[in-house]
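See below for the structure under consideration.
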Amino acid sequence: MNTGKLISFSPKMNGNVHETFTGQNGTSYKFIAVIEENGNQITGALNSSKQQPSWKVGEMYNYEIVISGQNGQYTNFKSFKSV
């Protein structure tokens with residue numbers, strides 16, 4: 001489990017539409033987030049069940065990093081919980 005500070009987040013857009021994913025738990029909204037951990041900034045995708053998540057910029061969060069894609073080109077944050 002990693003711990004870092006949420007620097008920013010914004011909706012992941014496809015044209016003028018907020019990207020979503022529908023899975024077994026319903027619809028998730030996709031965001032691009034920047035997290036700072038040990039002085040390094042990590043940018044990745046983050047999903048929320050809400051279109052307006054309650055995450056707060058500047059707060060500390062626990063999370064997991066999942067790297068995927070044939071060339072490791074996708075970074076996703078999972079298990080995102082406030083510290």
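So which residues in segment 1-10 are buried (at least 16 other Cβ atoms within 10 Å of the Cβ) and either of a type outside the set (A, V, I, L, M, F, W, C) or farther than 18 Å from Y63 by Cβ (or both), if there are any at all?
Answer for segment 1-10, where residues must be buried (at least 16 other Cβ atoms within 10 Å of the Cβ) and either of a type outside the set (A, V, I, L, M, F, W, C) or farther than 18 Å from Y63 by Cβ (or both): just G4.
Which ones in segment 17-54 are open to solvent by less than 60 Å² (accessible area, probe 1.4 Å) and basic (K, R)?
Across segment 17-54, the qualifying residue is only K30.
Exactly one of (1) surrounded by 11 or more Cβ atoms within 10 Å (Cβ to Cβ); (2) at pLDDT below 95 is unmet by G72. Its number?
Every condition holds for G72 apart from (1).
The values are calculated or read from the model by the stated rules, or taken from the named source; none is laboratory data. Keep in mind it's a predicted model, so treat the numbers as computed, not measured. FYI the Cβ positions are ideal-geometry reconstructions off the backbone, even for glycines, and counts take in every protein chain you see. Ligands, DNA and RNA are excluded from the accessible area calculation, which covers all protein heavy atoms including side chains. Shrake-Rupley method; radii C 1.70, N 1.55, O 1.52, S 1.80 Å.
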